[in-house]
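The values are calculated or read from the model by the stated rules, or taken from the named source; none is laboratory data. All figures in this text were calculated on a predicted structure; none of them were measured in a lab. All Cβ positions, even for glycine, are placed from backbone atoms using ideal geometry, and neighbour counts span all protein chains on display.
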Ligand SMILES: NC(=O)c1ccc[n+]([C@@H]2O[C@H](COP(=O)([O-])OP(=O)(O)OC[C@H]3O[C@@H](n4cnc5c(N)ncnc54)[C@H](OP(=O)(O)O)[C@@H]3O)[C@@H](O)[C@H]2O)c1
């Protein structure tokens, strides 16, 4: 399939690296040098084009500019696309439809793990494009089609922001180890291994069962879990999702 990526930034690069094996890519931006630097990081040749000279008629676009650049970038695009996939956080389909003419509009919310082909990407939009959307975004990890934009915005607060939340957890655990006397490098290795091993555990078990399996009567984990509960760890995470989702409603 021919796919045009608009906005040669970080997330666009992760997507392009995932898509280039199976699709013919064109990268569109506002600066020629920036486009060259971008395509040099790809394995296969990708076409480039300046945005003010680009015709989107019947094209499949993945829009990767920042939400604040939507108006500026879309105002110079000429024609009517087949499908616009937008990864812009908190930008509703109604706004996209006003900004870019297309037969179909789909929102996608990937995360930073896209650069390792391990994104968890939430999708929603025109149902007729569901299969195509899932195929495209599976090139950078896993996908979940949700039924509404509200759900996509909630998903953003979990999987889009999630790497930042888990980074806090990782750093805090390492800091805890260092506080008790562990070398920083060793603490980081332990945390890295912990996260790697946790992925298959959570994919195969309910979190409550995992916790029960580690927490023995009167044991060390029970003492740790009690301390986390005293600090309202669950309520804190739930509030984090509430606030992040709240911002998408403004
Ligand atoms: N980063 C994340 O973890 C993440 C996760 C999920 C979704 N997103 C979404 O992904 C989008 C991009 O984020 P990012 O982190 O990849 O940002 P980024 O690295 O800053 O990339 C944005 C790109 O847009 C380009 N751009 C700006 N104005 C333009 C215009 N008028 N015409 C064409 N291109 C233009 C910029 O070009 P120059 O380089 O030439 O300035 C830049 O390459 C955002 O909407 C964000 O909400 C990001």
- Query: Somewhere in region 188-201, is a residue loosely packed, with under 10 Cβ neighbours inside 10 Å, at pLDDT 95 or above and more than 24 Å from the chain's Cα centre (by Cα)?
  - Reply: no
Residue 77: passes all of (1) within 24 Å of residue 121 (Cα to Cα); (2) more than 23 Å from the chain's Cα centre (by Cα) but (1)
| message | Would you confirm, using the coordinates I've provided, whether residue 139 is away from the ligand (no atom under 12 Å from the Cβ), surrounded by 14 or more Cβ atoms within 10 Å (Cβ to Cβ) and touching a residue at least 60 places away in the same chain (Cβ under 8 Å)? | response | yes
By residue number, the members of region 16-40 that are in contact with a helix residue (DSSP H, G or I) (Cβ under 6 Å, 6 or more places away or on another chain) and within 9 Å of the ligand (Cβ to nearest atom) are 28, 29, 30
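Let's see how each residue does on (1) over 24 Å from residue 139 (Cβ atoms); (2) touching a strand residue (DSSP E or B) at 6+ places or on another chain (Cβ under 6 Å); (3) modelled with pLDDT of 95 or more; (4) more than 14 Å from the ligand (Cβ to nearest atom):
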| position | (1), (2), (3), (4) |
| --- | --- |
| 48 | no, yes, yes, no |
| 78 | yes, yes, no, no |
| 84 | no, yes, yes, no |
| 111 | no, yes, no, no |
Residues in region 113-136 that are buried (at least 19 other Cβ atoms within 10 Å of the Cβ), touching a residue at least 60 places away in the same chain (Cβ under 8 Å) and within 11 Å of the ligand (Cβ to nearest atom) total 2
Residues that are in contact (Cβ under 8 Å) with a residue 60 or more places away in the chain and within 12 Å of the ligand (Cβ to nearest atom): does region 167-177 have at least one?
no
Can you confirm whether residue 83 is closer than 24 Å to residue 245 by Cβ, touching a residue at least 24 places away in the same chain (Cβ under 8 Å) and touching a helix residue (DSSP H, G or I) at 6+ places or on another chain (Cβ under 7 Å)? no
Note on residue 39: of the conditions (1) modelled with pLDDT of 95 or more; (2) under 26 Å from residue 127 (Cβ atoms); (3) surrounded by 18 or more Cβ atoms within 10 Å (Cβ to Cβ), unmet is (2)
Checked 63, 70, 15, 88 against criteria (touching a residue at least 60 places away in the same chain (Cβ under 8 Å) and surrounded by 14 or more Cβ atoms within 10 Å (Cβ to Cβ)); the one match is 15
